[in-house]
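Beneath this line is the structure, given in structure tokens, with notes to follow.
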Amino acid sequence: MSKIMPLEVLASIKNAKPSKSVEELFDVIKTAFPDFSKDIPEEINEVNIITVENLRNDVVAESTNKEKNLIRNNFPREKNGFLVVSKVIEG
Amino acid sequence: MESEILKVHNALIAKNISCADLIADKISAIRNSSNNTANFILDDVALEMALAVDSKIKNDEEIGFLEGVPFGLKDVYLLQGCNASGSSKFLKDYISPYTATAIKKLMDAGAIPVVKENCDCFGHGSTSENTFFGPVKNALDENLVAGGSSGGSAVNVAKGFTAFSIGGDTGGSIRQPAAFNKVYGLKPTYGRISRFGIMAYASSTDCVGPIAKSLEDIRIITNAMSGKDIHDSTTTDSIPIPESIFCDKIADNEFCLGYYKSFFANENIDQGIKQNFEGMISKIRKKGITVKELEFFDTNILVSTYYVLAMAETASNLARLDGTTYGERILGEGIKDDRAISRSENFTEETKRRIVGGTQVLSHGYSHGIYTKARFLLREIQRKFQSDFSEVNLVISPVTPNPTPRMGESLKDPLLMYLSDAYTVGFSLGGLPTLTCPFGQGVQVTADKNNEALVLKFAHFLKSII
């Protein structure tokens, strides 16, 4: 299998093609700051840092019955209260 | 302009109108309007809450300031048991299982949601024309766009259909429609208001904020929604904005205002907007305030940095929309095909353009030269803001380089639409509090992080001299 996946597969959108308008935005970034290093600078990770003590505990929170019913009602296909999906394992 | 919240509150306690009649009047006005601001009208929820308020008033119980006040919410917010479509075909039948924190806080204070407001699909647009529900028409001239993406929210406030509305601002989506419809719109400091329960567009700049006719209403609503939320780890504690800011004097010898010269180097800026802005600077100087010209990044770099990051994040955020657990599923030949067809048929062209662009910048061959570089530029932009706010107290700027477009114009040229965000996206990247004031074609007032009080105080002063 090829290591290069087409845009259509990566975006999961049929016939996905690059847009000329968007490419023009990319060109601005490509030409900005010509001295930009090939090494990824550490400081880009300084933006929007959340400290560990600000993260909520990783615990399971039980939904109310009302929430559960609303979630079930949003299933695109449902059978006996279960979500119906296409076959996951493909040949 | 007088506080709409105060006006409603006084009318209710004076028993000039019942809350049920008030809500019915607002809903009727929205329903009969030709501006197309509503995706879903919340008759049942609103009427039930209104009757409870009427019962309290009848029993001479005290009611809170926000109790019984009708408001609108952009259709990207979840409200338990009600539709939440993001103005998309994909989620046109989706029902929210829970309520967004910001909306819950307003409802806990007694404010009544009356309408889920039309907007650009998932926030992808600057005109509110990219929507499954049909374009929103401007409140002042229906031949013009409403602005976007929170177009329905700004129009509802301008027309008086809601006392205030809650928009969402990622790159200008509250501030620009506020300017186009001549109302106030605040993008608060990133993290001041919880984003839990809002459909994510670009998580590192998404903000919840109010649109209203008066500064006092902006203050009240911002205070009501602010605060740390366990469900959104980016939220921070904040100090409430005091009412006294509207009484304090603004001008003193230490106060300094800045504006960005590079915004006017843009050759596409409308001359009328430029002259109005220069006239305002002159009036401010005459009041004894020091105004300093500042250097900044080229506006094309700001727009490109913003869109690279926003597209990368929206490609990631919208990956969850595949018709498996919710949303419209279209069957193909197996799960991968179901997913691809469901996404291709249900997303609009603009949303697909952004997802594909985001996928490109995150892929091999693009990620270092574009995405990582945009992250680097983001850090540089934030550093520049830090440095600027050590020199000046506030920055003012126009909201857009051009006047409100006519309906249909922007859809023809996506690049032109992206470039119209030139003056708003920089402050989003900075995470800074920025308010649109409805003076002329709109003026933005920006402060350093967590300084909403100074923004509103200066806007109040500006209003007095315009």
Failed condition for B:ASP237, given (1) surrounded by 12 or more Cβ atoms within 10 Å (Cβ to Cβ); (2) modelled with pLDDT under 95; (3) under 24 Å from the mean Cα position of the chain (by Cα), with all others met? (1)
Selection over region B:181-199 where residues are touching an Asp or Glu at 6+ places or on another chain (Cβ under 6 Å) and small (Gly, Ala, Ser) yields a count of 1
Which is over 26 Å from B:THR314 (Cα atoms), modelled with pLDDT of 80 or more and more than 7 Å from every other protein chain (Cβ to nearest Cβ), of A:GLU23, A:GLU78, A:GLU8? A:GLU78
Condition (residue is touching a strand residue (DSSP E or B) at 6+ places or on another chain (Cβ under 7 Å), surrounded by 10 or more Cβ atoms within 10 Å (Cβ to Cβ) and at pLDDT 90 or above) applied to region A:63-72: is it met by at least one residue? yes
Residue in region B:383-399 that is under 20 Å from the mean Cα position of the chain (by Cα), more than 7 Å from chain A (Cβ to nearest Cβ) and in a helix (DSSP H, G or I) present: no
Quick check on my filter: what residues within region B:51-85 are within 20 Å of B:TYR201 (Cβ to Cβ), crowded, with 22+ Cβ neighbours inside 10 Å and in contact with an Asp or Glu (Cβ under 8 Å, 6 or more places away or on another chain)? B:GLY72, B:LEU73, B:LYS74, B:ASP75, B:ALA84, B:SER85
Taking region B:352-366 only, how many residues are among the hydroxyl-bearing types (Ser, Thr, Tyr) and more than 7 Å from chain A (Cβ to nearest Cβ)? 1
Looking at B:LEU429, B:LEU456, B:LEU419, can you tell me which residue is under 28 Å from B:ASN35 (Cα atoms) and of a type in the set (A, V, I, L, M, F, W, C)? B:LEU419
Qualifying positions in region B:44-85 - more than 21 Å from the chain's Cα centre (by Cα) and aromatic (Phe, Trp, Tyr): B:PHE65
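Filter the helices (runs of 4 or more DSSP H) completely within region B:263-348 down to those with at least 3 residues that are within 14 Å of chain A (Cβ to nearest Cβ) and surrounded by 15 or more Cβ atoms within 10 Å (Cβ to Cβ).
On the way: elements: B:271-286, B:299-317, B:335-346.
The qualifying helices (runs of 4 or more DSSP H) are B:299-317, B:335-346.
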Among the candidates B:LYS384, B:LYS412, B:LYS449, single out the residue that is closer than 27 Å to B:ASP270 by Cα, of a type in the set (Lys, Arg), surrounded by fewer than 22 Cβ atoms within 10 Å (Cβ to Cβ) and at pLDDT 95 or above. B:LYS384
Say whether the condition of being more than 8 Å from every other protein chain (Cβ to nearest Cβ) and surrounded by fewer than 19 Cβ atoms within 10 Å (Cβ to Cβ) is met by at least one residue in region B:367-376. yes
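The values are calculated or read from the model by the stated rules, or taken from the named source; none is laboratory data. Here the structure is a predicted model, which is why all the values come from computation and not from measurement. Quick reminder, even Gly has a Cβ in these numbers, built from the backbone with ideal geometry, and neighbours come from all protein chains shown.
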